[in-house]
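The values are calculated or read from the model by the stated rules, or taken from the named source; none is laboratory data. All figures in this text were calculated on a predicted structure; none of them were measured in a lab. As a convention, Cβ positions derive from the backbone with ideal geometry for all residues, glycine included, and neighbour counts pool all protein chains shown. The protein model used for the area step is the full one, side chains on, heavy atoms only, and it has no ligands, DNA or RNA in it. Shrake-Rupley method; radii C 1.70, N 1.55, O 1.52, S 1.80 Å.
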Amino acid sequence: MVCLLSRKLAPPKFAWMNGRFVEWDKATVHISAPIVNYGSGAFEGIRAYASKDQKELYVVRLKEHIRRFFESAKVLRLKIELPAKEIEDSIVELLRRNEFHEDVYIRPLVMERGGVALAEGAVSPADLAVFSIPFGRVANIEAGIRCCFSSWRRIPDVCMPPRVKSCGNYVNSTYARKEALAARYDEALLLTIDNKVSEAGGANLFMVKKGVVVTPPVTASILEGVTREGVLHLASKELSYPTAERDIDRTELYLADEVFLCGTGEEVAPVISIDGHLIGEGKPGEVTKKLQTLYFDIVRGAVPKYRGWITPVYGGS
């Protein structure tokens, strides 16, 4: 999925590593580290959105993302030495120091540290880091995106745990997305090894059929998405649509009234075709547009009821 930057930007001034702020060019790891050689690490993807007047910046669901960050590290047997609150506060301070006043992507990383003698599977101390970069809106998010099913299958929990954000897991998504892009699609969809719909290369998936908002269950080899959880809540509690978490067959999507993707990077993105089959009328559906509008209002601080979902960076309300 292509992200649009609002303008050409200089690199950030600072990153954060192991409890201190460091200059951007000095935030490095060694080529022998297990994170480089084996993908032995875990990460989070977090968004911060500028208010309409660009005076404030809001970090979306910071506590929930950091909670999942700790869960991912736990499954990988990596110990994060600092408390969650210190990491949350450091993320806010990092955004301040970089003086961001536009939409930003934030990536916390816990990376296994080690040298050339380290054997695969051994556990070494971990480095903790956070970087942030300007990150605009996904291309075609208003008009809709074209997807295809990949020939690759989503990794099952018996091989690698897809419910956590382990760095190595994303090689699976990389194969699928490169295949889709080579075939001139915008995004890849993946099936489970049991031939049920799982998710996209980097986002959770929803369909709308006869007024019901449906998404695959957490047992369908999906990432347990923070945005997915929020969309389920908004669809049910704010827009009064019935929701369901159940297995979905591939051909159900072809016949769905609407399909959309959601995630930190993908936001709420309507899908207008899959494998060349038009979804509904081949344009963003009404349910998707309502969820998209509500979501963007919330993350930019325009819905007082959901101020608990966002953390202001510069001290505004």
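For the chain, taking the reciprocal of the average inverse distance between every pair of different Cα atoms yields a Kirkwood hydrodynamic radius of 20.3 Å. Solvent-accessible area per residue in the range 1-90 equals 58 Å², computed with a 1.4 angstrom probe and all protein chains kept. Which log10 I(q)/I(0) values, to two decimals, does the range 1-97 give at q = 0.20 Å⁻¹ under the Debye formula with one point per Cα? Here log10 of I(q) over I(0) equals -1.33. Surface composition of the chain: carbon and sulfur make up 54 percent of the accessible area, probe 1.4 Å. An oblate overall shape is assigned to the range 162-225, the ratio a/c of its alpha-carbon gyration tensor axes (a ≥ b ≥ c) being 1.5 or greater and a/b not exceeding b/c.
List the trypsin sites (Lys or Arg not before Pro) within the range 26-120 that DSSP assigns to loop and that have no more than 13 neighbouring Cβ atoms inside 10 Å.
Sparse-neighbourhood loop trypsin sites (Lys or Arg not before Pro): Lys52, Lys55, Arg77, Lys79.
Here the range 218-304 is treated as a sphere whose radius is the Kirkwood value from Cα pairs; by Stokes-Einstein at 25 °C and 0.890 mPa s it diffuses with a coefficient of 176 µm²/s. Cross-link partners of Lys290 among lysines, defined as those whose alpha carbon lies under 22 angstrom from its own and excluding same-chain residues fewer than eight positions apart: Lys52, Lys209, Lys210, Lys237, Lys305. Judged by the mean number of other Cβ atoms found within 10 Å, the most tightly packed of the peptides 271-277, 208-214, 197-203 leads the ranking 197-203, 271-277, 208-214. A cut-off under 9 angstrom between Cβ atoms defines the neighbours of Lys209, and their net charge, with Lys, Arg +1 and Asp, Glu -1, is -2. Restricting the range 145-193 to trypsin sites (Lys or Arg not before Pro) that sit in a DSSP loop and have at most 14 other Cβ atoms within 10 Å of their own Cβ leaves Arg184. Its residue count N fixes a reference of 2.2 N^0.38 Å for the range 168-317, and the Cα radius of gyration divided by that reference is 1.06.
Nearest 500 deg cm²/dmol is fine: what mean residue ellipticity at 222 nm does the chain get from its DSSP H runs of n ≥ 4 alone, each adding -39,500 (n - 2.57), divided by its residue count?
The helix-only estimate for the chain comes to -6500 deg cm²/dmol at 222 nm.
Using only alpha carbons, the range 64-113 has a radius of gyration to Kirkwood radius ratio (Rg to Rh) of 1.01. Electrostatic bookkeeping for Val197 treats Lys and Arg as +1 and Asp and Glu as -1; over the other residues with beta carbon under 11 Å from its beta carbon, the sum is -1. Summary of packing: across the peptides 223-229, 10-16, the per-residue average of other C-beta atoms within 10 Å ranks them, highest first, as 223-229, 10-16.
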